[in-house]
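Visitor: This is the structure, below, for whatever I ask next.
Derivation of every value follows stated rules applied to the coordinates shown; laboratory data play no part. Everything quoted here is computed from the prediction, not taken from an experiment. Note: ideal-geometry Cβ built from the backbone for every residue, glycine included; neighbour counts use all protein chains shown.
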Amino acid sequence: MDCRVLSVQSHVVRGYVGNKSASFPLQVLGFEVDTINSVQFSNHTGYEHWKGQVMTADELQVLYEGIKLNNVNHYDYVLTVCDPVLGDNGALYVPKNLLPIYRDKVVPAADIITPNQFEAELLTGRSISTEKDAVEVMNLLHSMGPDTVVITSSDLPSPLGDQYLVALGSQKRVRADSTMVTQQIRMDIPRVDAVFVGTGDLFAAMLLAWTHHHPNDLKTACEKTVSVMHHVIKRTITYAKEVAGPDRKPSPAQLELRMVQSKADIEDPAIVLNAVVL
């Protein structure tokens, strides 16, 4: 039976961000994907110029009602990068008055969330300065509803050095005997000296796909997710530097994710980054 995903995200004509960054890799992995575009831009906002439209809540509702009227609104998953997108590096992307809505409405409705450290701290009111703090924050986020929590980046020191950032994950599941078990992991991920757009959308899509294929093994799901990211980013950097030329900074167009060229790596990623079970 087909596994169907409704992806509600932004859309660009040129490049890979939002629905374009999520749909192709999900389809490669066997998912049927329907998309609702929350915005439609000529290109992402990392370029100097962009044009397009932002959909209103009413317009989005009309699109969904059309799907519903035809009785084809039966989805296994809904993917949206309210992951929750709140901010990063101590700064909010959204008005402060939206925080209670994310905390009290959006997060409790989610099965999987992928906040960064700043967002996880905002949602729980707890700061993270140690690995133990991070585990406690993930447990608090579990208590709000989600079964799977991945803190995609943190300021915690990596044992491998300052060229690595630390990501952490936690998954609660119920065994056949009705007992609850939690798997918590840490990953040390090499930092990349470049700015990409669409990687967060790709990460969310891949985590959805690999947790579907490995529902009781967060370690494997995260290893495959992060390894896909590694292969796509490495291929993108290599291409961008070749096209830009020696000692020249690649342009936003040259740094568009090499998604189609990474099809084989998306389908069957060689594991290049391992997770440690806490």
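Visitor: Counting pairs of alpha carbon atoms under 8 Å apart in space and at least six apart in sequence, what relative contact order in percent does region 1-107 give?
Guide: 28
Visitor: Considering only DSSP beta bridges whose two residues both sit in the chain, what percent are antiparallel, to the nearest 5?
Guide: Restricted to the chain, the bridges split so that about 60 percent are antiparallel.
Visitor: Continuing with the same structure: Quick one: dipole size for the chain, taken about the Cα centre, charges +1 on Lys/Arg Cβ and -1 on Asp/Glu Cβ, in debye to the nearest 20.
Guide: 280
Visitor: Compute, for region 176-245, the length of the dipole vector about the Cα centre, with Cβ point charges of +1 (Lys, Arg) and -1 (Asp, Glu) only. Units Debye, rounded to 20.
Guide: Computed charge dipole of region 176-245: roughly 200 debye.
Visitor: Taking only C-alpha pairs under 8 Å that are 6+ residues apart, what is the relative contact order of region 204-278 in percent?
Guide: 36
Visitor: Additional query: Per DSSP H run of n ≥ 4, the term is -39500 (n - 2.57); total these for the chain, divide by its residue number, and report the mean residue ellipticity at 222 nm rounded to 500 deg cm²/dmol.
Guide: -10500 deg cm²/dmol
Visitor: Assuming R0 = 35 Å, what is the FRET efficiency of Val94 and Asn73, from their Cβ-Cβ distance, to the nearest 0.05?
Guide: 0.80
Visitor: Here's another thing I want to ask about it. Which log10 I(q)/I(0) values does the chain give at q = 0.07, 0.08, 0.12 Å⁻¹ under the Debye formula, counting every alpha carbon as one identical point scatterer?
Guide: Each listed q corresponds, in turn, to -0.25, -0.33, -0.79.
Visitor: Hey, got the dipole for region 88-221? About the Cα centre, +1 on K and R Cβ, -1 on D and E Cβ, debye to the nearest 20?
Guide: Using only the charged Cβ atoms, the result is roughly 300 debye.
Visitor: Anything in the chain that counts as a DSSP H helix reaching 27 Å or more along its axis (C-alpha) with Kyte-Doolittle mean of at least -1.0? List them, would you?
Guide: Helix filter hits for the chain: 218-244.
Visitor: Give me the distance in nm between label points sitting 7 Å out from Cα along the Cα-to-Cβ direction at Val195 and Ala109, one decimal.
Guide: My value for the distance between the label points is 3.2 nm.
Visitor: Under a crude label model (7 Å from the Cα following the beta-carbon direction), how far is His214 from Arg173 in nanometres?
Guide: 1.1
Visitor: Which whole number of Å³ per residue matches the convex hull of the alpha-carbon atoms in region 23-176?
Guide: Dividing the Cα hull volume of region 23-176 by its residue count gives 195 Å³.
Visitor: What distance in nm separates the simple spin-label points at Ala264 and Met180, each placed 7 Å from Cα in the Cβ direction?
Guide: Computed distance between label sites Ala264 and Met180 equals 4.5 nm.
Visitor: Just want to confirm a number: the relative contact order over the chain, from Cα pairs under 8 angstrom separated by 6+ residues, in percent.
Guide: 18 percent.
Visitor: For the chain, set up a GNM with springs between Cα atoms under 10 Å and report which of Leu29, Leu98, Leu208 has the largest fluctuation.
Guide: Looking only at Leu29, Leu98, Leu208, the biggest GNM fluctuation is shown by Leu98.
Visitor: Which residue, Thr211, Leu98, Thr114, has the largest displacement toward the positive end of the dipole of region 80-236 when charges sit on each Cβ (Lys, Arg +1; Asp, Glu -1)?
Guide: Working it through, the farthest residue towards the positive pole turns out to be Thr211.
Visitor: If you take the charge dipole of the chain about its Cα centre, with +1 on Lys and Arg Cβ and -1 on Asp and Glu Cβ, which of Ile36, Asn274, Leu255 is farthest toward its positive end?
Guide: Among Ile36, Asn274, Leu255, the one farthest towards the positive end of the dipole of the chain is Leu255.
Visitor: May I ask you to give the average projected area over all directions of the convex hull of the Cα atoms of region 1-78, in nm² rounded to one decimal?
Guide: About 5.6 nm², averaged over all directions.
Visitor: Mind pulling the per residue volume of the convex hull built on the Cα atoms of region 145-278? Å³ is fine.
Guide: Cα convex hull per residue, to the nearest whole number: 122 Å³.
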